[in-house]
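Here is the structure we will look at.
The values are calculated or read from the model by the stated rules, or taken from the named source; none is laboratory data. Bear in mind that the values here come from a model prediction, so they are computed numbers and not experimental data. Positions of Cβ are backbone-derived with ideal geometry, glycine not excepted, and every protein chain shown enters the neighbour counts.
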């Protein structure tokens, strides 16, 4: 089977949907974070696929892959920061359940 | 130096005012001396400027004030015959008044404040007098109003004084608003505030006649307010609530003649519009007659003098309406000194005997001979006793009415007004000074030198200033010609002079019969006059009518306005949006659940909606 752009896009869409589901449905802050990671990686897959199958010149297409590298770096930094916050919340409140982190309201 | 130095005359008292304000509370003792030193300096400036004027003639000087767009506003002074006469009167009378006040108000705790306002008033009055443009004049005009307000209300703990101050301020303000509109109309028509410029343009026919007419009538309304002409005269009698020296300076000699001065200053323009002059003449004459009649029935000495002032201001306006501004200035001069002497003498009476009601006086000449003589000189001068200055000025007015542009019916009514002034003078003189000394006045005494010296000087001037009316040679053809730059010298009409002398003699004899001999009963006359006498006693119901108007018209309108302000502007216009926002926020805040996945869901829904919109376009 020949690998087509549509496969990348389907994979990307699937990963993104799972990520959204995770963000909306999971109660644990860690799981929410992992879901966000999934969404980010869905974007990465999409970018790589488009970069590979584009009709543009090679030196333009390579930007898609460069962007992916940036996203991976940023995602690492983001998850580090986010996990640190979750850790602090857990230490302070004895739980990382997002249901209970609802003081920021009316 | 020369006439350019004139600007110093208002500037020095203004500096004194600032200094007294700064030092007043800490060293109140120096306030009177600062104030008097400043006003004496102003008088010296007047002498210097006057001598320079005799050499060089009239002069104007102006400097830039500020510029808006291409239009330049200026400060400027005009030195000519009219402003010099006024400046001299203001600074000279103010010196006497301030010295008099030293004794009259010596135990006042707020004396420093009194002198601060005196300085402010002097500065404002001289600004008004010297101003070469209407804007600066208006500035001085409003500031003298402020000075008057503050000094009438000097004893503001007394409710009547506070009320009188408010009444004076508001009544004159009604005229002032009209005047400001008139000034703006003139500015719109001519593009300048400068009086000489406006005069030139108006004479050149650059101004539409009906526009000019309305502007002049509106400006006259301001003058009528300041100079207490009917129907805006009601504030002046109440202004007597202030200290007597204030009444003498502001409400007799200087500020109230500002309206007359303004009319004289703008006379070249008024002269183009006969209707405006007719209006001035009618209002002036009406004021002279009505105020004279009221003065006949008042019993408070200061109020008699106040109505007498109103009546004489009416004479001045009448002279202007007759087309004789020089005559108005001459009467202004004669009246200023005589009235200053009268008020100061009246102050000396209340100071020495504690009385203000003429029914409580009588025989005071036994205890206060000096005050009596000065008071008689001032009063008889104003009544027009021959050889005193008032005789000449009153004669000139009658002559101007006779020979001027007015109908001879005016002359007849003017004689009636003159007769009133003789009658109330006689009544006042006999009841206060002659007859039996009442027991409670046994202790009446003459005042100290700082009080009688000013009275004496003013009375002497009131007696002799009339010589200015005569022709002194080719350089000086009499006061009126000097002011008006006319060629005609002083002259006298035997019929008119004879008539006015006859009125004086008959009037004084009649009042002698009524109040001294008691051959004619005053109450009998009152009964025969019936309604007229009552009406005069009630001041022709002006106050009642105004009170009714305020109660029935002004206050309901104020309440309506207040209601609109509260209900619409405030409750709906201002509070409305606030309340709506608050209410909306109160409902919408329940969206904020604090649950992170709710927000995430919101984001997702938003993204989906955006995507749908994107694709459907």
Q: Say whether the condition of being assigned to a loop (DSSP other than H, G, I, E, B) and either without any contact (Cβ under 8 Å) to a residue 60 or more places away in the chain or within 14 Å of another protein chain (Cβ to nearest Cβ) (or both) is met by at least one residue in the stretch A:56-68.
A: yes
Q. Surrounded by 10 or more Cβ atoms within 10 Å (Cβ to Cβ), part of a helix (DSSP H, G or I) and within 14 Å of chain A (Cβ to nearest Cβ): does that describe residue B:567?
A. no
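What residue, of B:384, B:323, is surrounded by fewer than 24 Cβ atoms within 10 Å (Cβ to Cβ), in contact (Cβ under 8 Å) with a residue 24 or more places away in the chain and closer than 30 Å to residue B:271 by Cβ? Steps first, please.
Values: B:384 fails: surrounded by fewer than 24 Cβ atoms within 10 Å (Cβ to Cβ).
Selected residue: B:323, the only one of B:384, B:323 that is surrounded by fewer than 24 Cβ atoms within 10 Å (Cβ to Cβ), in contact (Cβ under 8 Å) with a residue 24 or more places away in the chain and closer than 30 Å to residue B:271 by Cβ.
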Q.
Quick check on residue B:229: is it touching a residue at least 24 places away in the same chain (Cβ under 8 Å) and either within 18 Å of residue B:314 (Cβ to Cβ) or in the same structural domain as residue B:132 (by TED's automatic domain parsing) (or both)?
A. yes
Q: From (1) more than 30 Å from residue B:112 (Cβ to Cβ); (2) in contact with a helix residue (DSSP H, G or I) (Cβ under 6 Å, 6 or more places away or on another chain); (3) modelled with pLDDT of 90 or more, pick out the condition that doesn't hold for residue B:180.
A: (2)
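Report, by residue number, each residue of the stretch A:72-106 that is assigned to a helix (DSSP H, G or I), within 14 Å of another protein chain (Cβ to nearest Cβ) and either in contact with a strand residue (DSSP E or B) (Cβ under 7 Å, 6 or more places away or on another chain) or under 22 Å from residue A:39 (Cα atoms) (or both). Outline the logic, then answer.
So in the stretch A:72-106, the residues assigned to a helix (DSSP H, G or I) come out as A:72-93.
In the following step, the residues that additionally are within 14 Å of another protein chain (Cβ to nearest Cβ) were identified as A:82, A:85-86, A:89, A:93.
Result: A:82, A:85, A:86.
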Q.
If I go through the stretch B:402-427 residue by residue, how many of them are part of a helix (DSSP H, G or I) and more than 24 Å from the chain's Cα centre (by Cα)?
A. 14
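Would you check if residue B:126 is part of a helix (DSSP H, G or I), under 18 Å from residue B:224 (Cβ atoms) and modelled with pLDDT of 90 or more?
Working: part of a helix (DSSP H, G or I): yes; under 18 Å from residue B:224 (Cβ atoms): no; modelled with pLDDT of 90 or more: yes.
No.
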Q: Return yes when residue B:478 is crowded, with 19+ Cβ neighbours inside 10 Å, on the phi > 0 side of the Ramachandran plot and assigned by TED's automatic domain parsing to the domain that holds residue B:384 and no when it is not.
A: yes
Q) Looking at B:168, B:202, B:215, B:248, which one is out of contact with any strand residue (DSSP E or B) (no Cβ under 9 Å at 6 or more places or on another chain), crowded, with 21+ Cβ neighbours inside 10 Å and within 18 Å of residue B:142 (Cα to Cα)? A) B:168
Q | Any pair with Cβ under 6 angstrom, 6 or more apart, that starts in the stretch B:588-599 at a residue that is within 7 Å of chain A (Cβ to nearest Cβ) and ends at one that is in a helix (DSSP H, G or I) and surrounded by 11 or more Cβ atoms within 10 Å (Cβ to Cβ) | A | B:597/A:24
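Residues to consider are A:3, A:40; find the one that is more than 14 Å from chain B (Cβ to nearest Cβ), free of Cβ contacts under 8 Å to residues at least 40 places away in the same chain and outside any helix (DSSP H, G or I). It would help to see each step written out before you state the result.
Numbers: A:40 fails: outside any helix (DSSP H, G or I).
The unique qualifying residue is A:3.
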Q | Flag for residue A:70 being buried (at least 17 other Cβ atoms within 10 Å of the Cβ) and at pLDDT 90 or above | A | no
**Q.** Condition met for residue B:525 (more than 14 Å from chain A (Cβ to nearest Cβ), within 38 Å of the chain's Cα centre (by Cα) and not in a helix (DSSP H, G or I))
**A.** no
(Q) Which condition from (1) assigned to a helix (DSSP H, G or I); (2) farther than 22 Å from residue B:605 by Cβ; (3) within 11 Å of chain B (Cβ to nearest Cβ) is the one that residue A:32 breaks? (A) (2)
Q: Please tell me if residue A:24 is under 30 Å from residue B:584 (Cα atoms) and in a helix (DSSP H, G or I).
A: yes
